[in-house]
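Everything on this sheet refers to the single structure shown next.
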Amino acid sequence: MDKKAIVLLSGGLDSAVTLYMARRDYTPRALIFDYGQKALKELESAKRICDEAQVEYVLLKIDMPWKGSSLLDFSREVPSAGSGEETIPDTYVPARNIIFLSYGVSFAEASGSEAVFIGAHQLDYSNYPDCRGEFFDSFRQVLAKGTKSGQENSPVKIITPVLNKTKKEIVHAGHALNVPFEHTWSCYRQGDIPCGECESCVFRIKAFEQAGLSDPLMVKK
């Protein structure tokens with residue numbers, strides 16, 4: 001297999017499944033971001049997933065000192081699911097996927113990789129604007145105009161294999177691919193076990209229940 005790809009890996013459920021999907025057709029390398037997030041445990045999860053999948057990774061530390069999200073700002077509490085009325089929740093990190101994808105595309109061009117995989121999805125999600133299909137379509141147009149590979153008519157592909165899957169379907173897909181769910185971390189909060197209350201935890205709990213599978217990470221309190 002000589003096709004190479006970069007996979008943006010957070011250590012969460014969606015990105016882990018995406019990594020295992022990418023392995024079917026590409027030789028992937030994971031790009032993991034330490035961007036000041038509260039849930040540092042996801043970094044260890046991402047590295048462990050790479051070890052299990054026998055995939056090389058790069059851990060990149062970037063600074064976002066302006067914060068702008070309860071995932072980054074320690075003076076703001078990560079909200080529990082359904083606790084706010086805003087259309088876009090307080091856990092939204094300003095322009096995060098634009099930043100992450102830009103790093104991923106730069107890495108891809110520099111390393112001769114033809115694709116960047118990202119585990120975003122627009123069903124059962126938090127209404128983040130940079131997780132919608134229209135955003136990725138627009139980003140692809142940017143790459144066609146603003147990169148060397150784009151000007152040579154072979155822009156880096158942005159591949160979103162779980163974009164239109166529900167969380168239940170993502171869990172089923174990961175189960176079929178033997179994704180080590182026990183090493184993933186979805187919780188927005190840092191702790192020894194998932195909080196079970198933030199939006200990401202609630203989505204995950206519901207997905208495993210609907211899939212008829214037990215989540216090895218969720219410990220009954």
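Being surrounded by fewer than 15 Cβ atoms within 10 Å (Cβ to Cβ), outside any strand (DSSP E or B) and not aromatic (Phe, Trp, Tyr) narrows it down to one residue among ILE99, ILE88, ILE49; which is it? Let's see the steps before the verdict.
Numbers: ILE99 fails: surrounded by fewer than 15 Cβ atoms within 10 Å (Cβ to Cβ); ILE49 fails: surrounded by fewer than 15 Cβ atoms within 10 Å (Cβ to Cβ).
Going through ILE99, ILE88, ILE49 in turn, just one is surrounded by fewer than 15 Cβ atoms within 10 Å (Cβ to Cβ), outside any strand (DSSP E or B) and not aromatic (Phe, Trp, Tyr): ILE88.
What is the one condition in (1) buried (at least 16 other Cβ atoms within 10 Å of the Cβ); (2) at positive phi; (3) not hydrophobic (A, V, I, L, M, F, W, C) that LYS165 does not satisfy?
(2)
Run LEU60 past the list (1) in contact with a strand residue (DSSP E or B) (Cβ under 7 Å, 6 or more places away or on another chain); (2) modelled with pLDDT of 95 or more; (3) farther than 28 Å from CYS198 by Cα and report the number of the one that doesn't hold.
The one condition LEU60 does not meet is (3).
Of everything in the range 11-46, what is part of a helix (DSSP H, G or I) and β-branched (Val, Ile, Thr)? Give them in sequence order.
Within the range 11-46, the subset part of a helix (DSSP H, G or I) is 13-22, 41-46.
Those that are part of a helix (DSSP H, G or I) and β-branched (Val, Ile, Thr): VAL17, THR18.
Suppose we filter ASP130, ASP124 for residues that are open to solvent by 60 Å² or more (accessible area, probe 1.4 Å), in contact (Cβ under 8 Å) with a residue 24 or more places away in the chain and under 18 Å from the mean Cα position of the chain (by Cα); which single one remains? Please lay out each step first, then the result.
Numbers: ASP130 fails: open to solvent by 60 Å² or more (accessible area, probe 1.4 Å).
Selected residue: ASP124, the only one of ASP130, ASP124 that is open to solvent by 60 Å² or more (accessible area, probe 1.4 Å), in contact (Cβ under 8 Å) with a residue 24 or more places away in the chain and under 18 Å from the mean Cα position of the chain (by Cα).
Could you list, in sequence order, all residues of the range 1-34 that are open to solvent by 10 Å² or more (accessible area, probe 1.4 Å) and over 24 Å from PHE203 (Cα atoms)?
If the condition is that a residue be open to solvent by 10 Å² or more (accessible area, probe 1.4 Å) and over 24 Å from PHE203 (Cα atoms), then MET1, ASP2, LYS3, LYS4, ARG23, ARG24, ASP25, TYR26, THR27, PRO28, ARG29 are the ones that fit.
Do we have any residue at all in the range 66-81 that's touching a helix residue (DSSP H, G or I) at 6+ places or on another chain (Cβ under 7 Å), closer than 17 Å to ALA39 by Cβ and open to solvent by less than 50 Å² (accessible area, probe 1.4 Å)? Break it down stepwise before answering.
At the first step, the residues of the range 66-81 found to be touching a helix residue (DSSP H, G or I) at 6+ places or on another chain (Cβ under 7 Å) are 81.
Now drop any that are not closer than 17 Å to ALA39 by Cβ, which leaves 81.
If we keep only those that are open to solvent by less than 50 Å² (accessible area, probe 1.4 Å) too, we end up with 81.
Taking every residue of the range 66-81 in turn, at least one turns out to be touching a helix residue (DSSP H, G or I) at 6+ places or on another chain (Cβ under 7 Å), closer than 17 Å to ALA39 by Cβ and open to solvent by less than 50 Å² (accessible area, probe 1.4 Å).
Just a yes or no: is a residue in the range 200-211 buried (at least 20 other Cβ atoms within 10 Å of the Cβ) and of a type in the set (D, E, K, R)?
yes
Could you figure out which of (1) surrounded by 20 or more Cβ atoms within 10 Å (Cβ to Cβ); (2) part of a strand (DSSP E or B) isn't true of LEU60?
Exception for LEU60: condition (1).
If you check SER113 against the conditions, is it open to solvent by 60 Å² or more (accessible area, probe 1.4 Å) and more than 18 Å from the chain's Cα centre (by Cα)? So that I can check it myself, show each step before the final result.
Values: open to solvent by 60 Å² or more (accessible area, probe 1.4 Å): no; more than 18 Å from the chain's Cα centre (by Cα): yes.
No: the conditions fail for SER113.
The values are calculated or read from the model by the stated rules, or taken from the named source; none is laboratory data. In this text the structure is predicted, and so the values were computed from the model without any measurement. Cβ: placed from backbone, ideal geometry, glycine included. Neighbour counts: every protein chain shown. The protein model used for the area step is the full one, side chains on, heavy atoms only, and it has no ligands, DNA or RNA in it. Shrake-Rupley method; radii C 1.70, N 1.55, O 1.52, S 1.80 Å.
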